[in-house]
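Note sheet for the following structure.
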Number of protein chains: 2
Amino acid sequence: MGSVEEQPADTAHGSIAHRVPDLGALELLLAVARLGSLGAAARELGITQPAASSRIRSMERQLGVALVDRSPRGSRLTDAGALVTDWAGRVVEAARAFDAGAQALRVRRDSRLRVAASMTIAEYLLPGWLLALRAGRPDTAVSLLAGNSAAVAERLLAGEADLGFVEGLTVPPGLDSAVIAHDRLIVVVAPAHPWARRRRPLPAAELASTPLILREKGSGTRQVLDTALGGLARPLIELSSTTAVKAAAVSGAGPAVLSELAVGEELGLRRLVEVPVDGVALARDLRAVWPTGHRPAGPARELLSLTRG
Amino acid sequence: MGSVEEQPADTAHGSIAHRVPDLGALELLLAVARLGSLGAAARELGITQPAASSRIRSMERQLGVALVDRSPRGSRLTDAGALVTDWAGRVVEAARAFDAGAQALRVRRDSRLRVAASMTIAEYLLPGWLLALRAGRPDTAVSLLAGNSAAVAERLLAGEADLGFVEGLTVPPGLDSAVIAHDRLIVVVAPAHPWARRRRPLPAAELASTPLILREKGSGTRQVLDTALGGLARPLIELSSTTAVKAAAVSGAGPAVLSELAVGEELGLRRLVEVPVDGVALARDLRAVWPTGHRPAGPARELLSLTRG
DNA sequence: CGCTCCCCATAAGCCCAGCTTATGCCCCCA
DNA sequence: TGGGGGCATAAGCTGGGCTTATGGGGAGCG
């Protein structure tokens, strides 16, 4: 087994794609882990055994670690392979959610289930629901339109959508609704920030007078915050994506305000810390909505039931 | 601009990799979103502008949706593009965690920081810490060894590791420790399972007498559960990866027992529901450990401080 | 034993995705 | 009215990943 040429680690931030195996390879690794054989995994993915063999091998070369123990009776993961497989599973899971969302995003007039949803819900919740829906009804074609509450209502009333999801404080007229979950905007800081060690809740006035990392004006999140603070939120930076806001907060640029849906993982891993706030109503209901009288039926009802467990 | 040939959606579960753009394309999309220009994004990733243009275009063809609005003054995301970019961000984030872990997994005798960790910690927490560490000290080379508590202790005492992480109930002799987090094993079921609607905690006896979806014997998780139940856990299925256990539980195969670290996202999205249990001690401390007297210094101390925020 | 089956590895050749260089068009601004 | 930033198109190259074909090694069995 010749020694591996070790390149000097390319520590530069540049393009992660060259250091991480592609999705196909990760999927193959998961299949090998599950099935215990390169050949079986290859068959499942519809490729030949030599292709699988070579692909796993080049992945091992790329990572500099042996991933599977080959034997004439099958292949098992090494210890390192088990770890890598777990991490790979998380990448593939995210890719599946991407796929579920993207499929729905395709414009198809003939989709059997047309969903209109607000941004936060479309971003963070819908892909998971769609995965679950597809698990139960693989053939349901879904189309998705994302917009603010008014746009959602418009689509529903025009008969261009079967089910809507909104996150506002009020329900647009002409629609029936059911609360499916709750969301809050929360203030988060990096663990090193002084606010991370506060015992007492932050007064609303102090929040309003502190420059914050925020989404751009016009975003749903920003509107809710501005309303709650009486139009007073002071931006330290304005960024155009939730991810960018999170990244800025994690790096310690300052306090950020985000939906708690967006930062679940960061809080769990202690990369961000929630700062309790006093005297501001940042809670909001997430609701499913439909035209008054037009009870959701068929796939729409199924999706609705998924959202409530 | 030619109409797009629409393929019949290949609804078969087969290989997601053909339906999701590769990591390089997702990264490029994120760069375009952040920089507002194809050319600028291309420069950042070290490719030429035509390459970026063509890559974005083929991604749009693959997804069947326009992602960016091109203008002679730059490019902005479309609404659909903003959604796709958010989903892409989650895939790339998972890939970065993969990369951080994988880099550490490389065997390098000369690594400046050698970490030994138990499986759960290595799987779910270390990649995040390593990302944070790299953000602060980009040049720190880390090596990672994953194993059970005894193995971690052995490495530390032999001077082959600088810092360890264990999840047992006790601290191996010869080591000093600090509690860095808490973990619990929890019982989870799919939302449709009858246990999901329980009001009262499940008695330990009922848990012990019900067949469960479990990790294989010998895994740390399994050991803790068997100890807590007095060696009585009855397997419904035994699976060899946390992901497989989760998937089985989500699909409704039965109740599963897992670390809460492993199911944070599933609980948030209501794909799994926690079942409270009474009369069993399933909590455990996660600890950093080091040889008695050898206080962590340098990068080890930095990593340690990251784990506590 | 020797036959057969199921593993996996290697070799040789093909093909396409993605890159590069070289242009050209469009728009804005000095 | 040039110049520069931004995007698109064209032509050509390269390499990664696939396939088919083949060989070796262990296990089970007549």
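Which number in (1) in contact with an Asp or Glu (Cβ under 9 Å, 6 or more places away or on another chain); (2) crowded, with 20+ Cβ neighbours inside 10 Å; (3) modelled with pLDDT of 85 or more marks the one condition that A:S241 misses?
All conditions pass for A:S241, except number (3).
Can you work out which of the residues in the stretch B:181-197 that are at the interface with chain A (Cβ under 9 Å from one of its Cβ atoms) and outside any loop (DSSP other than H, G, I, E, B) is farthest from B:V275 (Cα to Cα)? Walk me through it before giving the result.
Keep residues of the stretch B:181-197 that are at the interface with chain A (Cβ under 9 Å from one of its Cβ atoms), which gives B:181, B:190-192, B:196.
Adding the requirement that they be outside any loop (DSSP other than H, G, I, E, B) leaves B:181, B:196.
Values: B:A181: 22, B:A196: 6 Å.
My answer is B:A181.
Can you tell me which condition A:S305 does not meet? The list is (1) open to solvent by 30 Å² or more (accessible area, probe 1.4 Å); (2) more than 21 Å from the chain's Cα centre (by Cα), and all the others hold.
Among (1) open to solvent by 30 Å² or more (accessible area, probe 1.4 Å); (2) more than 21 Å from the chain's Cα centre (by Cα), the lone unmet condition for A:S305 is (2).
Report, ordered by the first and then the second residue, all pairs with beta carbons closer than 6 Å, sequence separation of six or more or different chains, a first member in the stretch A:46-67 that is within 21 Å of B:F98 (Cα to Cα) and part of a helix (DSSP H, G or I), and a second member that is open to solvent by 40 Å² or more (accessible area, probe 1.4 Å) and more than 8 Å from DNA strand C (Cβ to nearest atom).
Close Cβ pairs satisfying both conditions: A:E60/A:A66.
Does B:D176 meet the test of being more than 14 Å from every other protein chain (Cβ to nearest Cβ), within 20 Å of B:A100 (Cβ to Cβ), among the charged types (D, E, K, R) and open to solvent by less than 70 Å² (accessible area, probe 1.4 Å)?
Criteria not met by B:D176.
Quick one: how many residues across the stretch B:49-71 are more than 8 Å from DNA strand D (Cβ to nearest atom) and either polar (S, T, N, Q) or more than 14 Å from B:G24 (Cα to Cα) (or both)?
Count: 10.
So in the stretch B:74-99, with the set limited to residues that are open to solvent by 30 Å² or more (accessible area, probe 1.4 Å) and either within 16 Å of DNA strand C (Cβ to nearest atom) or not in a helix (DSSP H, G or I) (or both), which one is farthest from B:M59 (Cα to Cα)?
Checking each candidate, the answer is B:R76.
Which fully enclosed helices (runs of 4 or more DSSP H) of the stretch B:198-309 have 3 or more residues being at negative phi and of a type in the set (D, E)? Before you say what the answer is, go through the steps one by one.
Numbers: elements: B:204-209, B:220-228, B:242-250, B:264-268, B:299-308.
Qualifying helices (runs of 4 or more DSSP H): none found.
For the stretch B:227-271, enumerate the residues that are within 28 Å of B:T170 (Cβ to Cβ), acidic (D, E) and touching a Leu at 6+ places or on another chain (Cβ under 6 Å).
Correct list: B:E238 only.
Do we have A:A253 as farther than 30 Å from B:A132 by Cβ and among the hydrophobic types (A, V, I, L, M, F, W, C) here?
Numbers: farther than 30 Å from B:A132 by Cβ: no; among the hydrophobic types (A, V, I, L, M, F, W, C): yes.
It is false that A:A253 is farther than 30 Å from B:A132 by Cβ and among the hydrophobic types (A, V, I, L, M, F, W, C).
Scan the stretch B:90-101 and give yes if some residue there is touching a strand residue (DSSP E or B) at 6+ places or on another chain (Cβ under 8 Å) and not hydroxyl-bearing (S, T, Y), otherwise no. Don't jump to the end; show me each part of the working.
The first filter runs over the stretch B:90-101 and keeps only residues touching a strand residue (DSSP E or B) at 6+ places or on another chain (Cβ under 8 Å), leaving B:101.
In the following step, the residues that additionally are not hydroxyl-bearing (S, T, Y) were identified as B:101.
Yes, the stretch B:90-101 contains at least one residue that is touching a strand residue (DSSP E or B) at 6+ places or on another chain (Cβ under 8 Å) and not hydroxyl-bearing (S, T, Y).
Please go through the stretch A:262-277 and give me each residue that is touching a residue at least 60 places away in the same chain (Cβ under 8 Å) and open to solvent by less than 50 Å² (accessible area, probe 1.4 Å), ordered by number. Before you say what the answer is, go through the steps one by one.
First, the residues of the stretch A:262-277 that are touching a residue at least 60 places away in the same chain (Cβ under 8 Å): A:262-263, A:266-267, A:270-277.
Residues satisfying the conditions are A:A262, A:V263, A:E266, A:L272, A:V273, A:V275, A:V277.
Give the stretch B:194-243 a look and list any residue that's closer than 17 Å to B:S118 by Cβ and either touching a His at 6+ places or on another chain (Cβ under 8 Å) or β-branched (V, I, T) (or both), or say none.
B:T221, B:V224, B:T227, B:T242
If you check B:D139, B:D69, which single one turns out to be facing another protein chain (nearest Cβ under 7 Å), of a type in the set (D, E) and out of contact with any Pro (no Cβ under 9 Å at 6 or more places or on another chain)?
Working: B:D69 fails: facing another protein chain (nearest Cβ under 7 Å).
After ruling out the rest, the residue left standing is B:D139.
For residues that are more than 11 Å from chain A (Cβ to nearest Cβ) and more than 9 Å from DNA strand C (Cβ to nearest atom), scanning just the stretch B:42-59, find the one that is farthest from A:L144 (Cα to Cα).
Here the answer is B:R43.
Quick one: in the stretch A:160-173, which of the residues that are open to solvent by 40 Å² or more (accessible area, probe 1.4 Å) and farther than 17 Å from A:R284 by Cα is farthest from the chain's Cα centre (by Cα)?
Taking the stretch A:160-173 first, the residues open to solvent by 40 Å² or more (accessible area, probe 1.4 Å) are A:160, A:162, A:169-171, A:173.
This time we only want the ones that are farther than 17 Å from A:R284 by Cα, so: A:160, A:162, A:173.
Working: A:E160: 26, A:D162: 23, A:P173: 30 Å.
Taking the candidates together, the pick is A:P173.
State all residues of the stretch A:278-309 that are among the polar types (S, T, N, Q) and in contact (Cβ under 8 Å) with a residue 60 or more places away in the chain; if no residue qualifies, say none.
Here is the first cut: in the stretch A:278-309, the ones among the polar types (S, T, N, Q) are A:292, A:305, A:307.
Matches in the stretch A:278-309: A:T292, A:T307.
Would you check which residues across the stretch B:100-148 are in a helix (DSSP H, G or I), of a type in the set (A, V, I, L, M, F, W, C) and either under 24 Å from A:A248 (Cα atoms) or over 18 Å from the mean Cα position of the chain (by Cα) (or both) and list them? Quick ask: steps written out before the conclusion?
If we filter the stretch B:100-148 for residues that are in a helix (DSSP H, G or I), which is where we start, we get B:100-105, B:119-124, B:126-136.
Filter once more, so that each one left must be of a type in the set (A, V, I, L, M, F, W, C): B:100, B:102, B:104-105, B:119, B:121-122, B:126, B:129-133, B:135.
Those that are in a helix (DSSP H, G or I), of a type in the set (A, V, I, L, M, F, W, C) and either under 24 Å from A:A248 (Cα atoms) or over 18 Å from the mean Cα position of the chain (by Cα) (or both): B:A100, B:L126, B:W129, B:L130, B:L131, B:A132, B:L133, B:A135.
Of the conditions (1) away from DNA strand D (no atom under 16 Å from the Cβ); (2) over 30 Å from the mean Cα position of the chain (by Cα); (3) of a type outside the set (S, T, Y), B:V91 satisfies every one except a single condition; which number is it?
So B:V91 meets the others, but not (2).
When you go through B:L157, B:L131 one by one, which is the residue that is buried (at least 19 other Cβ atoms within 10 Å of the Cβ) and not assigned by TED's automatic domain parsing to the domain that holds B:R96?
B:L131
Looking at the stretch A:31-41 only, could you name the residues that are open to solvent by 40 Å² or more (accessible area, probe 1.4 Å) and either away from DNA strand C (no atom under 12 Å from the Cβ) or touching a residue at least 40 places away in the same chain (Cβ under 8 Å) (or both)?
Within the stretch A:31-41, the subset open to solvent by 40 Å² or more (accessible area, probe 1.4 Å) is A:34-35.
Listed by number, the list holds a single entry, A:R34.
Based on this model, can you work out whether B:A204 counts as among the small types (G, A, S) and in contact with a Gly (Cβ under 6 Å, 6 or more places away or on another chain)? I'd like the intermediate steps shown before the answer.
Values: among the small types (G, A, S): yes; in contact with a Gly (Cβ under 6 Å, 6 or more places away or on another chain): yes.
Judged against the criteria, B:A204 is a match.
A:D110 - would you say it is modelled with pLDDT of 90 or more and at negative phi?
Details: modelled with pLDDT of 90 or more: no; at negative phi: yes.
So A:D110 does not fit the description; no.
As an exercise: evaluate B:L28 against (1) closer than 20 Å to A:A146 by Cα; (2) more than 11 Å from DNA strand D (Cβ to nearest atom); (3) buried (at least 19 other Cβ atoms within 10 Å of the Cβ) and give the number of the one condition it does not meet.
B:L28 satisfies all of (1) closer than 20 Å to A:A146 by Cα; (2) more than 11 Å from DNA strand D (Cβ to nearest atom); (3) buried (at least 19 other Cβ atoms within 10 Å of the Cβ) except (1).
Pick out the one residue from B:A122, B:A104 that is crowded, with 24+ Cβ neighbours inside 10 Å and within 7 Å of chain A (Cβ to nearest Cβ). Spell out how you get there, then give the answer.
Details: B:A104 fails: within 7 Å of chain A (Cβ to nearest Cβ).
Testing whether each residue is crowded, with 24+ Cβ neighbours inside 10 Å and within 7 Å of chain A (Cβ to nearest Cβ) leaves just B:A122.
The values are calculated or read from the model by the stated rules, or taken from the named source; none is laboratory data. Computed from a predicted structure; not experimentally measured. Cβ sites come from the backbone with ideal geometry, for glycine too, and all protein chains shown count toward neighbours. All accessible areas refer to the heavy atoms of the entire protein, side chains included, with ligands and DNA or RNA removed. Shrake-Rupley method; radii C 1.70, N 1.55, O 1.52, S 1.80 Å.
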